[in-house]
Structure formats: structure tokens, C-alpha cells
């Protein structure tokens with residue numbers, strides 16, 4: 001893609017701007033800003049990219065506002081970074097990653113025509129091309145920061161319509177894989193499994209949509225390949241994971257219509273219900289689907305699905321379901337029958353054939369809400385799920401865990417641990433205060449500790465006050481950052497992150513004790529820390545935090 005030069009910067013500098021001839025229009029409400037289509041974010045914020053600093057010293061803090069409840073350098077809190085990145089419109093982090101060198105990656109969606117990009121990046125122009133259908137303008141973005149917080153590169157990825165990332169992975173060579181939703185005109189490459197848009201009716205506010213998968217070069221200057229993955233409905237790709245061979249697993253769904261032959265011919269079974277969950281495995285060069293499978297029962301399965309791998313390369317998949325007749329769930333499952341309302345389904349599949357090895361229900365009599373990034377898998381195949389539950393009275397709590405009773409409100413976070421063979425719910429805890437709490441991002445480190453982010457409206461959400469970056473509730477809705485012991489019996493770390501308005505945690509990654517999480521903020525006093533560079537913000541900014549948490 002061309003570099004238009006205006007407002008551009010060299011690599012290693014702090015911030016530059018994307019270009020566009022016309023300014024982005026005022027945004028309509030985005031149903032993914034909150035539950036039930038309610039828009040959560042509206043006001044301008046401070047913009048910056050933060051550097052890591054060491055608690056107890058904090059000599060390079062920004063001059064930004066003090067977080068509610070005081071500074072972030074409590075005893076044992078380790079090093080930290082808190083920042084935002086974006087332009088004048090709306091920006092959200094939807095996934096994060098940490099590579100083997102400790103570099104930090106953020107990816108998501110921007111509607112800002114001045115989103116910060118670096119010179120030489122793959123795409124520096126916002127929404128290039130000619131619009132042919134309706135829907136809002138948006139591009140995916142990828143930002144890479146060094147372990148010390150230096151902006152290494154930042155690029156847009158998209159065409160003239162609505163494109164955004166939901167899932168991102170980084171391999172051992174530094175190649176970056178992103179997947180999500182895309183409209184017509186998305187920049188696909190030659191030789192891929194689906195170079196052309198699959199179609200679909202209008203899906204307000206996005207317009208017609210397909211899924212996509214892209215592989216970017218380690219320097220962010222080019223793409224190795226980009227392909228659509230979608231049919232004649234509006235179902236998209238919600239998550240992605242990459243194995244040691246570079247083959248790619250994608251989490252998707254199907255509601256109606258047909259896939260192109262390159263995808264349809266790879267399915268090993270037939271459709272099952274009104275909406276089916278879909279797991280597919282794509283070759284490392286993006287040229288073909290190795291296998292694909294429908295999962296679910298006769299009811300409706302959700303489309304906010306997630307996929308992860310264990311150390312042996314076995315794929316694990318979760319999806320939401322209203323079906324009580326899923327054929328792969330037998331008497332030996334951790335929960336062999338549906339709880340009622342909407343349950344979560346956890347499955348392990350064979351990496352070669354795509355056959356289901358085991359599946360189990362997880363849930364009580366209410367609704368277990370599922371969003372992307374609510375699955376983590378340890379090296380040995382132990383499965384962790386963190387999401388929100390309205391089953392306050394009968395969600396299956398197991399073990400001598402941190403919180404055994406409902407905190408309040410209509411929604412609590414739950415964290416569950418399932419054995420690697422799917423036969424045992426080994427531990428399950430609630431986590432929440434007197435109002436609504438929700439998780440949207442979980443990761444597990446090599447020691448088995450569980451890291452999660454999400455959001456809370458509870459000013460009494462459980463925090464480790466002496467160690468927290470922000471021990472006191474900001475207001476509105478705050479992001480949270482949490483570390484739990486492997487047995488879910490000890491709260492190692494918990495902190496609020498937020499200002500006076502709305503925040504939402506969306507994704508989590510961990511390497512050792514370094515915990516990276518991201519989402520979005522509308523607060524003008526979001527607690528940026530660590531030498532952040534401030535430039536004019538927008539209606540909504542992509543927010544992130546990186547905290548090193550000693551056990």
C-alpha cells in the first residue's frame with residue numbers, strides 16, 4: 001500500500017497519522033460496544049503509548065491524571081505500563097499478544113482517519129478504495145511495541161468498508177496473524193483459498209460481511225497473504241490460533257446460505273441446527289482448508305467462539321449453545337446434560353481429522369454469556385474458561401475456591417477448570433462484587449496461574465489493595481486485571497483500571513509473570529502511566545495495560 005507522506009513518521013518515533021481525503025462521519029451506535037446493542041463509549045480521551053516502568057521508582061511517569069485511589073506503585077506490584085492509542089473517532093483493542101522477546105502486540109478496530117501509523121508500514125491510508133455498499137467505515141490495525149514500550153511499527157489493514165480484528169497470534173519467527181470481519185474490497189492476495197467476497201445481506205451497522213485471515217511480515221511492512229473466509233450469510237471469524245507448522249485454526253459460525261467450493265468441500269459433516277458453530281483448519285500458506293467441521297445440536301449455537309491449542313498441538317474449542325442434544329456429549333463428560341438457558345460447550349478435537357475427541361456442557365439454569373477470548377488451555381491440556389453467568393444460585397461451584405457465593409447484580413464472572421480428558425470439573429469459582437461483572441479475556445502461564453480481564457460496575461469488586469495498580473473504583477464501568485492460583489483458591493492479584501466513565505477489558509495474554517490486557521476507554525482521566533505521549537484523543541480509544549506481577 002502507498003505511503004501518502006502526510007503526517008508520517010520514521011520507525012522508532014512515537015506517533016504519526018493515517019491519511020484520508022474525507023474525514024470519518026459521525027459514528028452510529030456499534031452493537032459490539034456493549035450488551036444488547038447499547039453504546040457504552042462516547043467521549044474524548046487522552047491519547048498516548050506508555051513505556052514500562054518499575055514500581056517503587058516510577059521516575060518516568062507521564063504528567064497524566066492520577067488514577068483514582070492513588071499511584072500504581074504499591075508493594076510488590078512489579079513493573080507496569082498503562083496506555084491508549086487511537087485517533088479522533090473510535091478505536092478498540094480486540095486482541096493482544098506477547099512474543100518470545102517480550103514485544104507487545106495490539107490489534108483491533110479503528111474508525112479514526114488519523115490513527116497513528118509508522119512510515120513504511122503495509123497500509124497507511126484509512127479505508128482505501130471505492131465504497132460499493134453501506135455500513136460504517138473501519139479498518140483493522142496492528143501495533144507492535146518493544147518490551148520497553150517503544151513503538152516499533154503500526155499499520156492499518158482494510159478496504160473501503162467495515163473491517164476489524166477479533167483474533168491475533170504471533171509465531172516464533174515474529175509473523176503476525178489476524179482474523180475477524182471484513183466487507184467488500186478487503187485487500188486479499190493471489191493464490192488464497194477465497195480471494196473474493198462471499199456476499200451476505202446487510203448487517204447494520206457493518207454492512208455485508210465475511211470473515212478474513214491475514215498473515216503479516218514481522219516488520220509490518222507487507223502481508224504474506226490475506227484471504228476471506230465466509231459464505232453468503234454474514235458470519236465472520238471470531239478467533240484464531242497457529243500451530244508449530246504454521247497451520248491456522250479459525251473459530252467461526254454458519255447460519256444460512258452457502259460457502260464457496262474451496263471451503264464447502266472441506267467440511268467433514270453436515271449442518272445441524274439453526275446456527276452452527278464452525279471450526280476450520282487452514283494451510284500455512286492460506287491456500288486451502290485442510291478440514292472444517294460443524295458443531296452443535298438442533299438449536300442455535302453462538303458465533304462468539306474461541307479456539308486454543310495445548311503443547312501437543314491438540315485444538316480446543318468453546319461455543320455458546322441452546323441445544324440439549326449435542327451428540328458428542330456423553331455420560332462421561334464433566335457435565336453430561338445441559339443446565340438450561342444458554343450453556344457453554346467445551347470440546348477437544350483431533351488436529352488431523354477434525355473429529356471431536358470429547359465435549360462437555362458447562363453452565364447452570366440461567367445464561368452463561370460467551371464472548372471471544374474466554375478460553376485458555378495449559379500445556380498439559382487442562383482447560384480454563386472465564387465468562388459471565390446469570391446462574392447465580394446453581395452455577396456448579398467446585399472445590400475450596402476463592403468465591404463460592406453470588407456477589408450481587410445479575411451477572412458474576414465465573415472461572416472454571418476442566419481436566420484434559422473432559423471428564424471432570426476440577427474447580428470453579430465465582431468472582432464479583434455487588435453489581436454486574438463480566439470477563440472477556442483469559443490466559444494461563446506455564447505455572448498454571450490464571451490471568452483474566454473484563455469489566456465491573458462493582459465498587460466492591462475484590463482487589464488486592466496493597467499491590468493493585470489502581471485499588472479504588474473509578475466510576476461508570478472499570479476494566480479489571482486479575483491473577484488467580486491454578487486451583488482457583490487464591491487471588492494473587494486484582495486491580496481496577498478506569499477513570500470516570502466507561503472501560504471494557506477485551507483480551508489477555510501472558511508470558512511468565514508479564515500480563516498484557518487490552519480493551520477500550522471513554523474516560524478522559526484513564527490512568528495512562530509511564531512516559532505517555534499525549535495527543536488529541538477521540539470518542540473512544542484503544543486501551544491497554546502491561547503489568548509484571550510477582551507471585
If you go through 487, 499, the only one that is closer than 18 Å to residue 92 by Cα, in contact (Cβ under 8 Å) with a residue 40 or more places away in the chain and over 17 Å from the mean Cα position of the chain (by Cα) is 499
Please work out if residue 492 is buried (at least 24 other Cβ atoms within 10 Å of the Cβ) and either farther than 19 Å from residue 86 by Cβ or over 20 Å from the mean Cα position of the chain (by Cα) (or both). no
Restricting attention to the range 460-475, does a residue exist that is in a strand (DSSP E or B) and in contact (Cβ under 8 Å) with a residue 40 or more places away in the chain? no
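Yes or no, residue by residue, for (1) in a strand (DSSP E or B); (2) modelled with pLDDT of 95 or more:
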| residue | (1), (2) |
| --- | --- |
| 506 | yes, yes |
| 509 | yes, yes |
| 515 | yes, yes |
| 518 | yes, yes |
| 525 | no, no |
| 531 | no, no |
| 541 | yes, no |
| 550 | no, no |
Residue 460 passes all but one of the listed conditions (1) farther than 22 Å from residue 380 by Cβ; (2) modelled with pLDDT of 95 or more; (3) surrounded by fewer than 21 Cβ atoms within 10 Å (Cβ to Cβ); (4) touching a strand residue (DSSP E or B) at 6+ places or on another chain (Cβ under 8 Å); the exception is number (4)
By residue number, the members of the range 277-299 that are surrounded by 19 or more Cβ atoms within 10 Å (Cβ to Cβ) and under 19 Å from residue 368 (Cβ atoms) are 277, 295, 296, 297
When residue 369 is run through (1) within 28 Å of residue 164 (Cα to Cα); (2) more than 20 Å from the chain's Cα centre (by Cα); (3) surrounded by fewer than 23 Cβ atoms within 10 Å (Cβ to Cβ), the failure sits at (2)
Among the residues in the range 150-164, are any touching a residue at least 40 places away in the same chain (Cβ under 8 Å), under 18 Å from the mean Cα position of the chain (by Cα) and assigned to a loop (DSSP other than H, G, I, E, B)?
yes
Can residue 329 be described as crowded, with 16+ Cβ neighbours inside 10 Å, in contact (Cβ under 8 Å) with a residue 40 or more places away in the chain and touching a strand residue (DSSP E or B) at 6+ places or on another chain (Cβ under 6 Å)?
no
Worksheet item: Quick one: is residue 377 closer than 29 Å to residue 271 by Cα, crowded, with 19+ Cβ neighbours inside 10 Å and within 21 Å of the chain's Cα centre (by Cα)?
Response: yes
Restricted to the range 201-245 and to residues being over 21 Å from the mean Cα position of the chain (by Cα) and either assigned to a strand (DSSP E or B) or free of Cβ contacts under 8 Å to residues at least 40 places away in the same chain (or both), the residue surrounded by the fewest Cβ atoms within 10 Å (Cβ to Cβ) is 245
Within the range 179-195, residues buried (at least 23 other Cβ atoms within 10 Å of the Cβ) and either at pLDDT below 95 or touching a helix residue (DSSP H, G or I) at 6+ places or on another chain (Cβ under 8 Å) (or both) come out as 194
Here the residues within the range 417-459 that are under 21 Å from residue 511 (Cβ atoms) and part of a strand (DSSP E or B) are 417, 439, 440, 441, 442, 443, 444, 450, 451, 452, 453, 454
Using the structure shown, decide if residue 198 is in a loop (DSSP other than H, G, I, E, B), under 28 Å from residue 154 (Cβ atoms) and more than 19 Å from the chain's Cα centre (by Cα).
no
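I'd like the full set of residues that are assigned to a strand (DSSP E or B) and either farther than 19 Å from residue 373 by Cα or modelled with pLDDT under 95 (or both), limited to the range 70-107.
Across the range 70-107, the qualifying residues are 79, 80, 81, 82, 83, 84, 85, 90.
The values are calculated or read from the model by the stated rules, or taken from the named source; none is laboratory data. Computed from a prediction, not measured in an experiment: that's the story for all the values here. With ideal geometry, Cβ positions are generated from the backbone for all residues, glycine too; neighbour counts draw on all protein chains shown.
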